[in-house]
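The values are calculated or read from the model by the stated rules, or taken from the named source; none is laboratory data. What you see is a predicted model; the values in this text were computed from it and never measured. Quick reminder, even Gly has a Cβ in these numbers, built from the backbone with ideal geometry, and neighbours come from all protein chains shown.
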Amino acid sequence: MEYVYHMVPKELKGEYLIPLNELKRLYPNLYGEYIQKYKDHPQRENLLTRKIPKLECLWNDVVHFLPMHPYEIYKVLLEIGVNIHTNKLFYKIPISALNGECMAIYKYSKQNWGGPIRELKEYEIELINFNEYRELKYLNICTKEYYREEYEKGRKFGMFHLIPHLLVKGKVEVKNIEIINWSIDPVND
């Protein structure tokens, strides 16, 4: 079975992961907390008005998912010497749970990356249905290099930088969804 992953929010209202724009409407105080990661980095704030071609919506009208087991990220961070203080928890969502949802893959790559202020191009977004989805098995070399460079320079870095994202337009129910710890190897689990 194929899965997508989403970090368990520090605070979740209800039983759904919802896009930021919906969070703003329903839970303005909580929105203020979650929007801070964009406000703390002025260029990232531009992502909030970024349009997603083919889905015909904004960056904050979708829920973003990791298309690989988060252990792959954890393992690489340990290999380069990052001191990981917390055990991060992720929802492990069967792709079949997204049947009927409008989904796309954002082909987030070094070749296309022009910074957060650039508009996305049509070729960077691929509409998919749940039958076509395949989980990524390994972290790409560009992301590994990015982690290493940023860590060696002593800078904070984005954990999901240059990793394709699965974008879901709308809300996703997480009631009864398995929660995993990213530090546990799924092969030896």
Going by what's in this entry, would GLU56 be described as of a type in the set (Asp, Glu), over 15 Å from the mean Cα position of the chain (by Cα) and closer than 27 Å to ASN181 by Cβ? no
Looking only at the range 119-156, filter to residues that are part of a loop (DSSP other than H, G, I, E, B) and crowded, with 16+ Cβ neighbours inside 10 Å; which one of those is modelled with the lowest pLDDT? LEU120
Report yes if ASN29 is without any contact (Cβ under 8 Å) to a residue 12 or more places away in the chain and assigned to a loop (DSSP other than H, G, I, E, B), otherwise no. no
Output the qualifying pairs, or none if there are none: Cβ atoms under 6 angstrom, residues six or more apart or on different chains, first residue in the range 172-186 and closer than 14 Å to LEU66 by Cβ, second residue assigned to a loop (DSSP other than H, G, I, E, B) and among the basic types (Lys, Arg). TRP182/LYS88
Please verify whether PRO53 is of a type outside the set (D, E, K, R) and buried (at least 18 other Cβ atoms within 10 Å of the Cβ), treating the condition exactly as stated. no
Among the listed residues TYR38, TYR31, which satisfies the condition of being in contact with an Asp or Glu (Cβ under 7 Å, 6 or more places away or on another chain), buried (at least 16 other Cβ atoms within 10 Å of the Cβ) and modelled with pLDDT under 90? TYR38
Which residue, of LYS37, LYS24, LYS10, LYS54, is assigned to a loop (DSSP other than H, G, I, E, B) and either among the hydrophobic types (A, V, I, L, M, F, W, C) or free of Cβ contacts under 8 Å to residues at least 40 places away in the same chain (or both)? LYS10
List every residue pair whose Cβ atoms lie under 8 Å apart, where the two residues are 6 or more positions apart in sequence or sit on different chains, the first residue falls within the range 57-86 and is assigned to a loop (DSSP other than H, G, I, E, B), and the second residue, located anywhere, is acidic (Asp, Glu). PRO67/GLU135; HIS69/GLU135
Can you tell me which residues in the range 165-176 are under 20 Å from LEU20 (Cβ atoms), assigned to a loop (DSSP other than H, G, I, E, B), at pLDDT 90 or above and not basic (Lys, Arg)? VAL174
With the condition kept exactly as written, say whether any residue in the range 59-76 is buried (at least 16 other Cβ atoms within 10 Å of the Cβ), at pLDDT 95 or above, over 16 Å from the mean Cα position of the chain (by Cα) and not hydroxyl-bearing (Ser, Thr, Tyr). yes
